[in-house]
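Comments concern the structure below.
The values are calculated or read from the model by the stated rules, or taken from the named source; none is laboratory data. Note that the coordinates shown come from a computational prediction; the quantities given were computed from them, not determined experimentally. So basically every Cβ, Gly included, is an ideal-geometry build from the backbone, and we count neighbours across all protein chains shown.
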Amino acid sequence: MNITMRLCTVVYMAVLLGMNLAITVYGQNAAHIQKPVKHLTSSQKIQPITAKELSQLTTAVETKSEKKIENLKALVITAHPDDETCFAVTMYKITKELGGVVDLAVITNGEGGYKYSTLAEDIYHLKLTDETVGREYLPSIRKRELMAGGKYAGIRNYYFFDQKDTHYTLDADTVLNQVWDVEWVKKRLRVLMEQENYNIVLTLLPTPETHGHHKAATIIALETAQSLTAPAKPIVLGCGFGMKNDTIPTFTELNNYPITHCNLSSPVAALDKTQKFGYNDRLNYTIITSWMVAEHKSQGAMHLGFRSELENFWFFDVNDSKSLPKIKDLFMQMSKTKP
């Protein structure tokens, strides 16, 4: 796909099965829009979105919550379609139980996931494990999967930046300096944050052992947020997940990236996904994660080992320390709500 086709708007990029034609749909809950719209060719450019255009895309989210928090808005920034599952319950509680808004920004096009698509070949009738085929079709397929699962968490708008998803690496430097158009991404994110005035930005904790793309996405989020001033500057949190019986790791800083520094090396907030509810307390919130993971059919490996009972959050030093009590209070409220 021509580099000029990179999306910088609130969009839903989907493909009619068997066709590599991008379908761009603006607005809320695009997953519910069934009919195809304008087909874009590689010779057409998508112009950078303006603040005025962004303002026309924001609509209220309906909620039945009696504990609604006014003006609660979160932006989740991830590297790949499927990373959002790490925040599944936090997103669900914000949108469904507290009446807030969650938007999602995905940096890469997800084409690098072709190695794990063996079983999905029968679903999509494409030889997705062939690198050429996978890299051509997976960007659209994975966006469709993402939005199919995103509705369970109540995600409102999707921002796809379609940067190159090269391969697995632990190295964030190469991605930031040689692969992604970082300044382009940060410019678009800045416009978005200034227009929407998010309270919170959720990212993945950039630990040494995590994917280099995850680290890079978090670094970009932090640098963008740091460049803003109130009220546009959000609180940025880093998420890690695990089991309740595990020893929770500490995190201070990713080497060579002081912007990731956390003076508080332990998580400042957590959500217990095993919180019980429903008939005879037989249900818990891991169901939400399972629903979302199940939609990512093309990514077979994630279905084997994705187990977590906690969503833990670290507080980066780029935040105003005075905002920490607000975060603790928010997660306290989330821990008390139920469907």
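What the table below lists for this structure:
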| item | result |
| --- | --- |
| Any hit, region 169-183, residues being in contact with a helix residue (DSSP H, G or I) (Cβ under 7 Å, 6 or more places away or on another chain), polar (S, T, N, Q) and not in a helix (DSSP H, G or I) | yes |
| Every residue from region 79-114 that is touching a residue at least 40 places away in the same chain (Cβ under 8 Å) and assigned to a loop (DSSP other than H, G, I, E, B) | Ala79, His80, Pro81, Asp82, Leu98, Asn109, Gly110 |
| Test: residue in region 225-248 that is modelled with pLDDT of 95 or more, surrounded by 13 or more Cβ atoms within 10 Å (Cβ to Cβ) and of a type in the set (Phe, Trp, Tyr) | no |
| Failed criterion for Thr274 (all others in (1) part of a loop (DSSP other than H, G, I, E, B); (2) buried (at least 16 other Cβ atoms within 10 Å of the Cβ); (3) not small (Gly, Ala, Ser) hold) | (2) |
| Restricting region 312-339 to residues that are polar (S, T, N, Q) and farther than 17 Å from Ala230 by Cα, the residue that is nearest to the chain's Cα centre (by Cα) | Asn312 |
| Glu121 vs. criteria surrounded by fewer than 19 Cβ atoms within 10 Å (Cβ to Cβ) and touching a Leu at 6+ places or on another chain (Cβ under 6 Å) | yes |
| Selection from region 186-224 of residues that are assigned to a loop (DSSP other than H, G, I, E, B) and surrounded by fewer than 23 Cβ atoms within 10 Å (Cβ to Cβ) | Asn197, Asn199, Thr207, Pro208, Glu209, Thr210, His211 |
| Qualifying position, being exposed (fewer than 14 other Cβ atoms within 10 Å of the Cβ) and in contact (Cβ under 8 Å) with a residue 12 or more places away in the chain, among Ser298, Ser265 | Ser265 |
| Condition met for Thr174 (polar (S, T, N, Q), at pLDDT 95 or above and either at positive phi or surrounded by fewer than 16 Cβ atoms within 10 Å (Cβ to Cβ) (or both)) | no |
| In region 62-81, residue nearest to Phe313 (Cα to Cα) [restricted to those that are of a type outside the set (A, V, I, L, M, F, W, C) and modelled with pLDDT of 95 or more] | Thr78 |
| Residues being crowded, with 19+ Cβ neighbours inside 10 Å and without any contact (Cβ under 8 Å) to a residue 40 or more places away in the chain - total across region 128-148 | 2 |
| Selected residue (only one of Tyr168, Tyr159 is under 26 Å from Thr289 (Cβ atoms), at pLDDT 95 or above and not hydrophobic (A, V, I, L, M, F, W, C)) | Tyr159 |
| Residue pairs meeting the criteria (Cβ under 8 Å; at least 6 apart or on separate chains; first under 13 Å from Tyr158 (Cα atoms), in region 188-199; second polar (S, T, N, Q)) | Leu189/Thr224 |
| Residue in region 144-155 that is of a type outside the set (Asp, Glu), assigned to a helix (DSSP H, G or I) and at pLDDT below 95 present | no |
| Filter result (aromatic (Phe, Trp, Tyr) and either over 22 Å from Asp82 (Cα atoms) or more than 18 Å from the chain's Cα centre (by Cα) (or both)) within region 169-197 | Trp184 |
